[in-house]
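One structure below.
The values are calculated or read from the model by the stated rules, or taken from the named source; none is laboratory data. This one's a predicted model, so the numbers in the text were calculated from it and none came from an experiment. For neighbour counting, all protein chains shown are included, and Cβ atoms are generated from backbone atoms with ideal geometry for every residue, glycine included. Heads up: the accessible areas ignore ligands, DNA and RNA and are worked out on the full protein's heavy atoms, side chains in. Shrake-Rupley method; radii C 1.70, N 1.55, O 1.52, S 1.80 Å.
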Amino acid sequence: SADALQASEEANGVTHKSGHPLFSSRVGGMTEIVLFSVLAVLNNAQDHAKTVAFGRTLVDEPDAVLSPSIWGTLGVAAGETKDLPFAIQAFEQVCNGGVATPTPFLVYSCLSAISKCHTPRFEEDYLKPVIQRGLVSDDPETYSYLVLQNGLTSANPMKEARRVLEDMRDKGTSLSVRVASLCFKILLRAESEEFLTFYKRVVDTFGLFKRVWVEELILWADRRRYFITTEERQYIMDEARRHFGVTDVRSEDLGGLEKLRTHLATIYHDLSHSPLDGFKENGWISPDPIVMDSRVHFLMKKKTCVDTDPEGTLSVLVTNNRGVMRERGNKLRAAVEEAASNPGVIGANEHKYFLLELVDRSAHRVAPPQTH
């Protein structure tokens, strides 16, 4: 506890930097070293919510005097918990507290915390003013990183990413690993078709690489399962083999990709069997799915993934006490027959029919049609 740490400090005659303006906190008898000890325990446990709660308790003390270093630590926790008001409060105390000129690291930490929470006027209200005051250096890469991080949780992250990348290109700023990482997160969040193109450009052209990018590539492929080509699936499997040593998705050791085993197995399955093409040709899913199939489990639990279109012409997946059932209208039957008899590109509606068929086959275990 804080009291025990304070008593230990006094008993052992521990000295600290309480005389320095950056280390001059004192709250209810607790000195800087005691506060840092408590915050260190919380940070090591990565319990950012408790760190913020502890910080609010300190601020509410009538005689509270918190140094910029303490505020910087609290600001980081506020950013991790997306607590924008507290992150802004920490920023204001660090930059405008008047106790001492803060270090660039403290200012950057608070800027990063605010950008993680997202605020519409991040550049105008926070980033540019501290650069003009000389509190942080005007580094183009750092500027781009903070702006891109602020755009990660915006309503239109792709627009922000394009703007930042165009600005970096115009200024001749080199693409860094951390900027590329944020771009991958944005492309994954938007499920953008540009993900794989950007991945190839970053890895092959710029020579940058992080193992987590392959994991995000696999997640992206899983989310865009019915829109990627056979060549793209093959490239993803090759990347998993090259960087993680994956030679068999059934192996117990996937080189660190064990948590993505289902996603990787689905990519491999589609690469080997092309089930959507088979459904397009004969209206049947091969191999026949089972109830334990992860795709079926997801669709049965998330029935809103297969829902009516705006005109109400698609099938509705209904869950009741008797299980899963499917209701079809005349338009649906006609569309399914057309999709099964007409070779061509599978459209969005046919994707939904495919999912409905997948759930229906697994739920009722209908035998495949006999071929002669």
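Output the relative contact order of the stretch 33-87, whole-number percent, from Cα pairs under 8 angstrom with separation of 6+ residues. Dividing the mean separation by the residue count of the stretch 33-87 yields 35 percent.
Directionally averaged projected area (the stretch 52-156, Cα convex hull): 6.4 nm². Checked against a 31 Å cut-off, the cross-linked pairs K82/K259; K171/K259; K128/K200; K50/K171; K159/K200; K128/K259 give Cα-Cα distances beyond that limit for K171/K259; K128/K200; K50/K171; K128/K259. Shown is the FRET efficiency for T153 and D63, computed with R0 = 22 Å from the Cβ-Cβ distance and rounded to the nearest 0.05: 0.05. Atom-type composition of the exposed protein surface of the stretch 189-268 places 46 percent of the accessible area on carbon and sulfur (1.4 angstrom probe).
Highest mean packing comes first when the peptides 114-122, 251-259 are listed by Cβ atoms within 10 Å, giving 114-122, 251-259.
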